[in-house]
Amino acid sequence: MRYHHIFWDFNGTIIDDVNNALGCVNDLLDRKCRPHITLKDYYNYVETPIIGFYRHILPPEELNFEEISRDYHTDYAKRIDETHLADGAYELMHKLKAEGIHQYIVTANIIDEAKALIEKFGIDDCVDVIIGAENTLAESKTKRAIKLFDSLNIDRNDAIFIGDTLHDLETANALGIDCVLVSYGHQGRRLLEEKGAFVVDSMNEIDAILQDNRFVDFHTHSTCSDGTLTPTQLVHHAYSSGLSAFALTDHDSVDGIKEASAAAEGLNIEFIPGIEFSAADQTETHIIGLFIDPENETLLKTIQKLKDSRKRRMEDVCAKLRGLGFEITHDEALGVAGGSFVGRAHIAKLMVDKGYCETVKECFDKYIGLGKPAYSAKNELTAEEAVRAIRASGGLAFLAHLNQTKYDINQLEKLLLKLQEAGLNGIEGYYPEYTPEHISQYRALAERLGLALSGGSDYHADMKPHIKIGVGSGTLKIPYFIYENLKSLKNRMK
């Protein structure tokens, strides 16, 4: 099993109490002589913090939240017999217990109420820890979840949060762990999917995800840009490495897609045509395109524009390096590349071969990275143009490796809002260089802006020998359901 630590939300996830909650709200409206709301209204109004929900149905002078919360819990207790376990919850939780999986319940419920229900439904022996509220004020459970998570000292890649609301997604993001939400809970599929969440309809689907060990990689390179494996070799390497799906995302090129697609036929691996555009901006800005049509006219015109300018930029980099005392020429870099494409990685490899640097990374850090003395700025394609070209080709567009922009979270938000106007679909939420803080910040930002998550290893084979396909530096492993979420998003974009 992929995950060994399951964090469960309670209300709306383990227990199906939506109609109970709706009844409690309508009890309140009865006492105030106001019309009832429907289940559709309930889904449209529910938000976190919950006081926002009541602003939809009550005037400001009646928003005494302490009174509302107290009365809600009283009404909920009266309706407790209407509450039942979600279909399949009992069986799944006991199955997980038998398999040695650790399970934790994180609930906004008063802790004693939650414990009573868990015992009533016969799942108390399945749960390692229950954390809930100490009062009726419906406080955020995120801080309590973080405290529990930190005390357990577990690997983030070994844990998943299962819930039913955006607050659960927010909590999972704060923990930096994967998240799946159910559609039958307190917010419904439409709102959850609008925020980029992966949504399922049943406990059977949750079980399938937990049992699914498949993993994917949406960021790799071949010899058609600055990788060292041919497209065919890359496909076979991805397959032999156990990947179930992967994308070829060469820099500013689709030359390898036809070959890679043909190589993937007959193998038990799904191939996604992609590209990585290097955009001109105030910082290092790369845009990944997935599910593109490599023969789209707008895309090809954009690529040709970049090909014409890339040679000029790389010649400029080499000239600047010579000015710094390094004997480096574009023709030599072309020999390292073994083709017509020369990128900075090839120049860095040449620097290493000549003994000027010990590693490719050192060359970038000292000489040819953004802001370094031999860097040559891009000025041919804006990030917005890159997004629009990808979308014109039928693809989905993602901002790559957000950490490399060197932006703080506020600057990133401004950049993402600008790119969303051009059609950006998401960000790389998985990347080998991300720290736990990066993961939490970036995923929370994606949820806030309604952006989907992609990600990948940024595999270049021998050009980046410390990065392995599918696993990055060893801990990256993107679950297959992320791929399913992207396919669902693409279908909704049609």
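Summary table
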{"read-out": "Pair list, Cβ < 6 Å and 6+ apart or interchain, from region 73-86 residues that are in contact (Cβ under 8 Å) with a residue 24 or more places away in the chain to residues that are of a type in the set (D, E, K, R) and open to solvent by 30 Å² or more (accessible area, probe 1.4 Å)", "value": "ASP75/ASP27; HIS84/ASP16; ALA86/ASP16"}
{"read-out": "Residue pairs meeting the criteria (Cβ under 8 Å; at least 6 apart or on separate chains; first closer than 15 Å to HIS346 by Cα and in contact (Cβ under 8 Å) with a residue 24 or more places away in the chain, in region 300-324; second assigned to a helix (DSSP H, G or I) and open to solvent by 40 Å² or more (accessible area, probe 1.4 Å))", "value": "LEU321/TYR367"}
{"read-out": "ALA377 vs. criteria modelled with pLDDT of 95 or more, among the small types (Gly, Ala, Ser) and touching a strand residue (DSSP E or B) at 6+ places or on another chain (Cβ under 9 Å)", "value": "no"}
{"read-out": "Among residues of region 142-184, those that are within 21 Å of LYS477 (Cα to Cα) and basic (Lys, Arg), counted", "value": "1"}
{"read-out": "Boolean, ALA374 is over 23 Å from GLU259 (Cα atoms) and crowded, with 17+ Cβ neighbours inside 10 Å", "value": "yes"}
{"read-out": "LEU412 open to solvent by 40 Å² or more (accessible area, probe 1.4 Å), closer than 30 Å to LYS494 by Cα, aliphatic (A, V, I, L, M) and not in a loop (DSSP other than H, G, I, E, B)", "value": "no"}
{"read-out": "Qualifying position, being part of a loop (DSSP other than H, G, I, E, B) and either closer than 23 Å to ALA389 by Cα or open to solvent by 30 Å² or more (accessible area, probe 1.4 Å) (or both), among GLY185, GLY227, GLY242, GLY274", "value": "GLY242"}
{"read-out": "Filter pass, ILE328 being modelled with pLDDT of 95 or more and surrounded by 15 or more Cβ atoms within 10 Å (Cβ to Cβ)", "value": "no"}
{"read-out": "Qualifying positions in region 426-474 - on the phi > 0 side of the Ramachandran plot, touching a residue at least 40 places away in the same chain (Cβ under 8 Å) and open to solvent by 20 Å² or more (accessible area, probe 1.4 Å)", "value": "GLY450"}
{"read-out": "Enumeration of residues in region 250-271 that are aliphatic (A, V, I, L, M) and open to solvent by 50 Å² or more (accessible area, probe 1.4 Å)", "value": "ALA262"}
{"read-out": "Options LYS406, LYS477: the member that is in contact with a Phe, Trp or Tyr (Cβ under 8 Å, 6 or more places away or on another chain) and either loosely packed, with under 15 Cβ neighbours inside 10 Å or basic (Lys, Arg) (or both)", "value": "LYS477"}
{"read-out": "Test result for SER440, within 19 Å of TYR3 (Cα to Cα) and in contact with a helix residue (DSSP H, G or I) (Cβ under 8 Å, 6 or more places away or on another chain)", "value": "yes"}
{"read-out": "Condition met for GLU385 (at negative phi, surrounded by fewer than 21 Cβ atoms within 10 Å (Cβ to Cβ) and touching a helix residue (DSSP H, G or I) at 6+ places or on another chain (Cβ under 6 Å))", "value": "no"}
{"read-out": "Residue within region 13-29 that is within 25 Å of the chain's Cα centre (by Cα) and either farther than 24 Å from GLU113 by Cβ or at pLDDT 95 or above (or both) present", "value": "yes"}
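Yes/no matrix, rows are residues, columns are (1) surrounded by fewer than 17 Cβ atoms within 10 Å (Cβ to Cβ); (2) modelled with pLDDT of 90 or more:
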site	(1), (2)
LEU299	no, yes
ASP316	yes, yes
ALA319	yes, yes
VAL336	no, no
MET351	no, yes
GLY355	yes, yes
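For every residue, the table says whether it meets (1) in contact with a helix residue (DSSP H, G or I) (Cβ under 7 Å, 6 or more places away or on another chain); (2) surrounded by 14 or more Cβ atoms within 10 Å (Cβ to Cβ); (3) β-branched (Val, Ile, Thr); (4) not in a strand (DSSP E or B).
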| position | (1), (2), (3), (4) |
| --- | --- |
| ILE6 | yes, yes, yes, no |
| THR13 | no, yes, yes, yes |
| ASN20 | yes, yes, no, yes |
| CYS24 | yes, yes, no, yes |
| LEU28 | yes, yes, no, yes |
| CYS33 | no, no, no, yes |
| ILE37 | yes, yes, yes, yes |
| LYS40 | no, no, no, yes |
| ASN44 | no, yes, no, yes |
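The values are calculated or read from the model by the stated rules, or taken from the named source; none is laboratory data. Source: prediction; values computed, not measured. Quick reminder, even Gly has a Cβ in these numbers, built from the backbone with ideal geometry, and neighbours come from all protein chains shown. Areas reflect the complete protein model, heavy atoms only, side chains present, ligands, DNA and RNA absent. Shrake-Rupley method; radii C 1.70, N 1.55, O 1.52, S 1.80 Å.
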